[in-house]
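*Asks:* The following block contains the structure, expressed as structure tokens.
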Amino acid sequence: MFLRQFGRLARLSAPALLAVSVAVSQESSSRPENPDLVNSRSGPTSAPPTDAPSAALRDLLASACEHDETNFVKYFTARNSESFERLAPAARTELMKRFVLLDGAGKAAASGSASGRPVVRCTTPDGAAELQIGGAEVRDNFALLPVDVRDVSDLPAGEPHHILFGMIRENSSWRVLSVGMLFLDLPSLEVEWDQAAIGSNEQGALAAIKSISAAVETYRTTYSRLPDSIAKLGPTAKPSADAAGLLDAELASGQHNGYTFRMVIVGANEIGAPAQYQLSATPSTYGRTGKLSFFRDEKGVLHAADHRGSFGQSLDPVVR
């Protein structure tokens, strides 16, 4: 789905994106690129020189289209690159989505416009966008590049969104510095994103424990015993006691949406006491992916408390 308003990118975090005034005029998409950075062209589809800011921006947008984190982060400043690596996977994906204004991962194709401008076409199962990069205004180690983003899911193409990117030369390579005249400040954004995601992650962890518990009970009914681990509840083409096909692969791995899940069998003894089990869910990274630790006791009661990343217990407050 095409994100109709570029403002969604700017609203990643209003407090964390710092406004900046730059004494360089904004250009139109038809303005010639800085002559110092343009090689002679053999035709309208000639690629920009590899050291041009437009080449870096083209490759950044193509990587964003394909949700290619490894290449995407190459076009960030060192400070933003370090922060990007620390972001939760969902936050990294969300950032890439908003650079191309499309929801799903797609296939990028680079070409040139009739005037020789770099064009990136991003095609996803749900829609397509065309991003045309205009001529760069370069001042020393800083460059401004206008980008026209059009929804081309249907013809005729929609009206373009006009976005101005700021690029800075760092270690002889061009890196994205600002979007829409707002500084991209990931160290500040990552803190705010983490805090915004914690509540959702915690609710997801509670729901996941309930799903695991239901899968364990189904397994017990089917195979007349408890599974040795959560992994034995995972997907398979042919259900068995070793792969029951009751949970998806991610949840069966014990890692899901910023939480780590663990199952322990308790209560069985040699005189026939029935085996019971306990489930726990702890934040994979305390303070970033969650704060609450969840615990399902052997009676099926759910508890939650902040244990700073350690396991919960039956003395914790009961949750519904």
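*Asks:* Name the residue that is surrounded by the most Cβ atoms within 10 Å (Cβ to Cβ), counting only residues in the stretch 245-265 that are closer than 19 Å to I198 by Cβ and among the hydroxyl-bearing types (S, T, Y).
*Replies:* Taking the candidates together, the pick is Y259.
This table checks each residue for (1) closer than 18 Å to W193 by Cα; (2) among the charged types (D, E, K, R); (3) surrounded by fewer than 16 Cβ atoms within 10 Å (Cβ to Cβ); (4) outside the structural domain of R175 (by TED's automatic domain parsing).
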site	(1), (2), (3), (4)
E69	yes, yes, no, no
A91	yes, no, no, no
A114	no, no, yes, no
A129	no, no, no, no
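*Asks:* Anything in the stretch 297-309 that is surrounded by 13 or more Cβ atoms within 10 Å (Cβ to Cβ), farther than 13 Å from Y277 by Cα and without any contact (Cβ under 8 Å) to a residue 60 or more places away in the chain? List them, or say none.
*Replies:* Across the stretch 297-309, the qualifying residues are H303, A305, D306, H307, G309.
*Asks:* May I ask you to list the residues in the stretch 156-176 that are at pLDDT 90 or above and crowded, with 20+ Cβ neighbours inside 10 Å?
*Replies:* F165, G166, M167, W174, R175, V176
*Asks:* Which residues, taken from the stretch 200-238, are over 33 Å from the mean Cα position of the chain (by Cα), in a helix (DSSP H, G or I) and free of Cβ contacts under 8 Å to residues at least 12 places away in the same chain?
*Replies:* Within the stretch 200-238, E217, R220, T221 meet the criteria.
*Asks:* Tell me, yes or no, whether the stretch 239-247 has at least one residue that is small (G, A, S), closer than 16 Å to F311 by Cβ and without any contact (Cβ under 8 Å) to a residue 40 or more places away in the chain.
*Replies:* No: the stretch 239-247 contains no residue that is small (G, A, S), closer than 16 Å to F311 by Cβ and without any contact (Cβ under 8 Å) to a residue 40 or more places away in the chain.
*Asks:* A further question on this structure: Output the number of residues of the stretch 278-296 satisfying the condition of being touching a strand residue (DSSP E or B) at 6+ places or on another chain (Cβ under 7 Å), modelled with pLDDT under 95 and surrounded by fewer than 22 Cβ atoms within 10 Å (Cβ to Cβ).
*Replies:* Total meeting the criteria: 2.
*Asks:* Out of S188, S153, which single residue is at pLDDT below 95, part of a loop (DSSP other than H, G, I, E, B) and surrounded by 13 or more Cβ atoms within 10 Å (Cβ to Cβ)?
*Replies:* Details: S188 fails: part of a loop (DSSP other than H, G, I, E, B).
Exactly one of S188, S153 is at pLDDT below 95, part of a loop (DSSP other than H, G, I, E, B) and surrounded by 13 or more Cβ atoms within 10 Å (Cβ to Cβ), namely S153.
The values are calculated or read from the model by the stated rules, or taken from the named source; none is laboratory data. Treat the numbers as computed from the prediction; the structure is a model and nothing was measured. Glycine gets a Cβ as well: all are built from the backbone with ideal geometry, and neighbour counts include every protein chain shown.
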